Each structure stands twice: as C-alpha cells, then as structure tokens.
Amino acid sequence: MGLDIRWPIGLMFTLIGALLVITGLVQGPDARSLNINIDLVWGIILLVFGVLMLAGAVWGGKKKNEGGK
Amino acid sequence: MQPIHLAWVDYTILLAYVVFVLGIGFALTRYMKTSSDFLISGRSIPTWVTGLAFISANLGALELVGMAASGAKYGIATAHFYWVGAIPAMIFLAVFMMPFYYGSKARSVPEFLQMRFDKRVMGLNAAAFAVMTLFASGISMNALAKLLNQLLGWNYHFALFVCSGVVLVYVLKGGLTSAIYTEVLQFFMIVLGFAPVVYLGLKDVGGWGAMTSQLHGVAQNPMAIDLNTKSFAPDAWTSAWKPLLGGSADNPMGVDVFAIVFGLGFVLSFGYWCTNFLVVQRAMAAKNMTAARNTPIVAAIPKMLFPALVIVPGMIAVALTSIPDKHYRIPPPIIAPEAYTQAVAAVQNTNPADTAATVKAVSDALGKKVNADKIAALVAANAANKLSDSQIKDGLYNSVAEYDYDSVIFSLVKKYCPAGLLGLALTALLASFMSGMAGNVTAFNTVWTYNLYQALFVPNKSDAHYFWMGKFITVVGIVASIGCAYFARQYNNAMDIIQLVFGFVNAPIFATMLLAMFWVRGTGTGAFLGLIGGIGSSALFHALTIAHGNLPGVKGGYLAVVHEFPSEMAQNFWLASFAFTACLVLTIVISLATQRTKSDEELKGLVYSLTPKIKDENAPVWQRPAVAGTVLLIACVILNIIFW
C-alpha cells in the first residue's frame, strides 16, 4: 500500500548496523562476549542485510514503474 | 535483578526505532482514505509482509519471555507449542479455512459468523473478543512498563504513557497497515537481536552436544540446582516425545501424549490459529485469495524455526546454572532490599552450631525457600573470616532456592550483550511489547466499528462516519488498555481470573468454526447455544478439577474435586478437550433440532460443500497452498523425529 516496507526496514538496519560497527571498532572485543567482537561482526551482517533490503526496495520501485501498475 | 546500564549507542538505537515507527505511521497517512483502508488495509498487502505480520502478531514479548522460561522448566518439550501446537493449525487455516474467510468478503471473523449464522453468534464472539483484546493489550503494556522500571529504572507511569502514546500516534496515522509494517520490523529486530545471544550462549556452554550432556545430568538430579523436586530420565530436557510416553509422571511438564496431541495440538492450537481475529486479520489484509491462503504458510516457516531462538535460551540457562565454574544462575525472584538486610543480620548474629535455625531465619526474612547447604557454607565462611555485608548479600542471593524463570532471557541478554547489541536486544523487546498493544488495538477497533457499532447499534451511516468511529475508538481502545494495564498491575489475582475466563471462552470456539465451515446443517440457534454451552462446560470442568499442588479456589476445584491432574498444563489441555467436545455435541444436537434459517444459495462461499473448490493449477507449484503446506508438514514431522 503505497509505502514499500523494504525502505524503513532497510534504512533501520543499515543505521543499526553502522552504529554497531562503529561501537565495535571503538570498544573492541568484550570479555562478556567471550572475547569475540560481536558488535563489529554482527554490525557488518546487519549492514549487509539493510543494504540488501534497500536494494530490494529500489528494484521493486523500478519494476513498479516499468510495469505501470 | 540489578538494573542494566545503557550506553549512548543503546539509547540511539531505541530512539531510532521510535522515530522509524512514527515515520511509518506518518508516511502511510495519505493512503488512509476510507474506513476499509484504515481498519482492514484495503486488502492490498503482499504475501511476505502479511505472512511475517501474521507470525509477529503472535510473537509478543510475553511469548519470548514465557518460552525461555518454559525452556528452562521443561526443556525441548516446550517445542510442542510450536511443532504440534501451531504448524498443523496454520496449514489447516491456509488450505481449508482462508477460502471462506477471504472469499466471503467478511471484514472480520465475527462478521463471517454473522454471514454464516446470525447476529447472536456474531455478537457473542465479537463482544468476548473485544473485551479480550483490551485486556491483552493492557497486560502487554503493564509488562513493558514494569520491565522498563525494573531493568532501566524508568518511572512506571512515564514508561506506560510514553509507549502507549507512541503506539497511539502511529496507529491513528496509518491504521492497520502501520501495525502490520511495524510488526514486520519487530520480527526482524527480534530475530536479528536475539540470534547473537543464542550463539554466544551455546558457545559459552560448550556447544549443543555439551549442553545436552549437561542437561542429561540435570534431568537425573534436578534437586541439585533446585529446578524440580523429582528426578527424571536423562533425556527429560532434551527429548520432546519420549518423556511423554511414560505418562505424566515421567516428564517435568506433567502431561501425557493425549493431552498434548488432542488438547494442545488440536483444540487449543486450532482454536487460536484458526479463529483468533488478531492473527487472521493479517491474512485477511492480503492482496488476493492466493496471497491470503499463503499467508499462514509463509508464517509457518519461521514459526518452525523459532524454538532455536526462544526455547534454547532457557535450556542454555539451566545448563549454565548447573556448571559452577560459569558463575551464573537463573535469577531468583525479586526480593526487597529490606528483606536482604534482615537476612544479612540473621547470618551475622547466628549461632554457627545451629544451622537449621539460621536457615529458617533467613528463609523467613527473605520470604523464599533457601538452599540449606549454601546457607551453612555461608555461615561457616562468615565465622571463619568476617564477611562484608555485600558479600553476605551475594551469598544469600545465590542460595535462594526459587527461580524467576521469566527473567531468564533478560539475564542472558545482560550476560552476553555489550553496549550496542544490548540496545538492539532491548529495543527488540520493547518493539514486541508495543506491537502487542498495536495488534490488539487494531483488531479491537475493527471488530467494534464493523461488528458491534455498525452491525448492532448504528447501521446505515456513511463510510466517512465509520472511518471517524474507527479512529475515535482507537483512542478509546488505547485509553482502556492503559486502564487495563493499571488493573493488571494492581490486581494480580484478578488477572489470573480474567485470563481463566478467556480460556473458557476460547476453548470451544473451534468446534463452532469447524461446524460453521464444514457442516451445512449447522443452524444459528445450534451454534449460539452450543457456544454458550461450551463456555459453561469449561467453567464447570474447571470448578470440579484441580492440579496437583494447588489449593481449591482460583485454580479450580471450588465446587468439588472430582479429579486431580498432575500439572496445571494437563488440567488446561483436558479442559480444552472437554469444552470442545461439549460444544461440538451440543451444536450438532441443537442444530438438528432446529430449523435452518439460511438457504443453500445464501451459504454459497461460506460452507465447504456449497463452495466451488479453488483451482490452483495456474499458480507455480511452490505457490499452491496445498503443496507448500504438505512440504511444511513433512518438515515439521522431521523436526519432531530429530528431537524425538
């Protein structure tokens, strides 16, 4: 309905992913997380997910314009 | 549990979420032109969105918290709530029932009942549902405000009103579509917020194999960690079916196979998934019939995999508690600081020779059971080397022999999440509580506007009028939910009673719906009286039975105790089975004794035998609900075999 939901989801997770990556780089591994830099690792994964969602939204928008729906 | 300290990044994530959900609401406002747009999304949403919203509407924070708690108490058998108690029902809904819900063009489940039977049946279902959603919404918001208060130190009233306010704005602006979109956002946040916690927990405990062997030890001696008063076979926490085969005494849940398969797997689960408008509404918002039928199928895929996310943390927590080197225990119930001070004094002023008296004094001061050995060790340690007050307090904390299972998931989040990930996990929890309110309010406003207000009180007005009423009642709904939240906060026992009553109402409804859709001869009078009879028989069953360990009263058995069940869960499942059967039999008998009020022509599209079968040959194989449903059922059976 009008707003493609992939836009807010994509933006949200790109933002969260970026925040986690920055935190991970600044803070480094935490003993709590068994010395894995989970913020960095998971932040990258979320960033990728967010970007894929945005790509889906852009592609969906193009398809809609071409299909003239 | 001690409050958590949040860093700037955590608050940023929280704020971002609030901004995004408000933004979604505002972005959708321009598409809200009619009551249909606002209340039922104008039937325009794609399958993957309705599918994820369908499962999200059900996956509230209380479920997250409750499943982790059950995972700790009962182990992998908790997965029955998913693999037996959800998947088959969801597939049945998709393949057999959605054609009637969607094809009838009913705008809600009660409306379908009106079309099939008459206004009495509709009115009963609509009124009960309306009340239930308001209480469900209030329970959700009370739990959220309590959590923010305990975990972050926020003021309860502030938390309640701010969160309710956010929900009010985005639902008022974007209607059902707003609720659906935020539910999908919530789904991703929960999966992506908690997956790392499960991963880290499993790593910490040594892997899946190490966890299961640890749980084998726990099952044989749960008393060592105060988990249960009985011992079981080694696989009681790691095997879903085998512990049930021996009967209710052989498993921590206290149930037998019949209760699980018929009570949970058929009556309760089909009753919920196939008739509860909160979830069915999401499927009804789909853009066409195929999308509507595929919605529960799409939802079933993550549902099957959720045990890994929500149940395994409970099992991890138990395994960790049983390994002393990990210095972790499932948190004890919250005890007032004054009680701790009293107990500390009891330890300091005790006679080291008389440990029994000390144990009693400490237990009385704290108001909880304590582990006698740990108290004795604490007293001895204090006698050897005078310990500080806070050291004694820590010792006491660790010796409380009761658990607050509901805090398992928070304790794991606190244990493994550094700043950043912590913000994501907490925001995911917050999101799901708020979704609980939004979902219930959007179901409530539809049922009120169309099925109570329009159908019974003020018919024949313009759509603009009903659109206005939809928005007005949304505000009323949120305010009423806040009222219910305060009620839930104040009257804990009353809430138990209220949820009990809802259980009575839900138990027989599936019988009514089955007969509605699959038996032409069912009449309005039969359905109405059958449903009332079903509710009455639930109440009667409850009044005459009790669960082991409970006293007659709110928990049942207040008229007489005709039968005692090994556990509350068993009592619940058998109650559901009984109510379903009573409703089924009554509806059939009374229908046969009364006249049909609707002709075959009027029932076309509403009953199986009078509706042309849907031909799916044009759709690609994987999009045909019957095919996809069968594949999922097979996958579900495989999962059951793996965890047999």
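The values are calculated or read from the model by the stated rules, or taken from the named source; none is laboratory data. This structure is a prediction, so every number in the text was calculated from the model and none was measured. Here Cβ is always computed from backbone atoms with ideal geometry, including for glycine, and neighbour counts include all displayed protein chains.
Worth a mention:
- A single member of A:Gly60, A:Gly50, A:Gly10 is more than 7 Å from every other protein chain (Cβ to nearest Cβ), touching an Asp or Glu at 6+ places or on another chain (Cβ under 6 Å) and in a helix (DSSP H, G or I), and it is A:Gly60.
- Taken together, the residues in region B:169-191 that are of a type in the set (A, V, I, L, M, F, W, C), surrounded by fewer than 22 Cβ atoms within 10 Å (Cβ to Cβ) and more than 25 Å from B:Gly420 (Cβ to Cβ) amount to 2.
- Residue list for region B:220-234, restricted to those being farther than 18 Å from B:Pro324 by Cβ and crowded, with 18+ Cβ neighbours inside 10 Å: B:Phe232
- When region B:197-211 is filtered for residues that are buried (at least 20 other Cβ atoms within 10 Å of the Cβ) and of a type outside the set (D, E, K, R), the ones remaining, listed by number, are B:Val197, B:Leu200, B:Gly201, B:Val205, B:Met211.
- Region B:7-101 holds helices (runs of 4 or more DSSP H) entirely within its bounds, and those carrying 1 or more residues that are crowded, with 20+ Cβ neighbours inside 10 Å and touching a Cys at 6+ places or on another chain (Cβ under 7 Å) map to B:80-83, B:87-92.
- Test for B:Ala130: is it part of a helix (DSSP H, G or I) and over 18 Å from B:Val279 (Cβ atoms): no
- From the list B:Leu22, B:Leu39, B:Leu62, the one residue that fits, being more than 14 Å from chain A (Cβ to nearest Cβ) and within 27 Å of the chain's Cα centre (by Cα), is B:Leu62.
- Unmet criterion (only one of (1) surrounded by 19 or more Cβ atoms within 10 Å (Cβ to Cβ); (2) in a helix (DSSP H, G or I); (3) not small (Gly, Ala, Ser)) for B:Arg107: (2)
- Filter result for B:Lys173 (closer than 22 Å to B:Val21 by Cβ and in a helix (DSSP H, G or I)): yes
- Just one of the listed residues (B:Asn149, B:Asn142) is in contact with a helix residue (DSSP H, G or I) (Cβ under 9 Å, 6 or more places away or on another chain) and crowded, with 23+ Cβ neighbours inside 10 Å, and it is B:Asn142.
- Some residue of region B:589-600 being crowded, with 21+ Cβ neighbours inside 10 Å, in contact with a Gly (Cβ under 8 Å, 6 or more places away or on another chain), of a type outside the set (S, T, N, Q) and in contact (Cβ under 8 Å) with a residue 12 or more places away in the chain: no
- Residue match in region B:235-242 (condition: of a type outside the set (A, V, I, L, M, F, W, C), surrounded by fewer than 24 Cβ atoms within 10 Å (Cβ to Cβ) and in a helix (DSSP H, G or I)): yes
- Among the residues of region B:409-423, at least one is more than 14 Å from chain A (Cβ to nearest Cβ) and touching a Leu at 6+ places or on another chain (Cβ under 7 Å).
- Condition check for B:Phe194: more than 10 Å from every other protein chain (Cβ to nearest Cβ), crowded, with 18+ Cβ neighbours inside 10 Å, modelled with pLDDT under 95 and assigned to a helix (DSSP H, G or I): yes
- One residue stands out among those in region B:393-424 that are closer than 22 Å to A:Leu19 by Cβ and of a type in the set (D, E, K, R): the one that is farthest from the chain's Cα centre (by Cα), which is B:Lys415.
- Criterion (over 23 Å from the mean Cα position of the chain (by Cα), over 27 Å from B:Ser108 (Cα atoms) and in contact (Cβ under 8 Å) with a residue 60 or more places away in the chain) met by exactly one of B:His563, B:His548: B:His548
- Filtered by the rule that a residue be farther than 21 Å from B:Val191 by Cβ and more than 9 Å from chain B (Cβ to nearest Cβ), region A:13-25 gives a lone residue, A:Leu25.
For (1) modelled with pLDDT under 95; (2) within 14 Å of chain A (Cβ to nearest Cβ); (3) farther than 18 Å from B:Ala145 by Cα; (4) over 25 Å from the mean Cα position of the chain (by Cα), each residue gets a yes or a no:
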residue	(1), (2), (3), (4)
B:Leu426	yes, yes, no, no
B:Ala455	yes, no, yes, yes
B:Cys484	yes, no, no, no
B:Gly503	yes, no, yes, no
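- Criterion: of a type in the set (A, V, I, L, M, F, W, C), over 22 Å from B:Val49 (Cβ atoms), surrounded by 16 or more Cβ atoms within 10 Å (Cβ to Cβ) and facing chain B (nearest Cβ under 7 Å) - qualifying residue of A:Ile38, A:Ile5: A:Ile38
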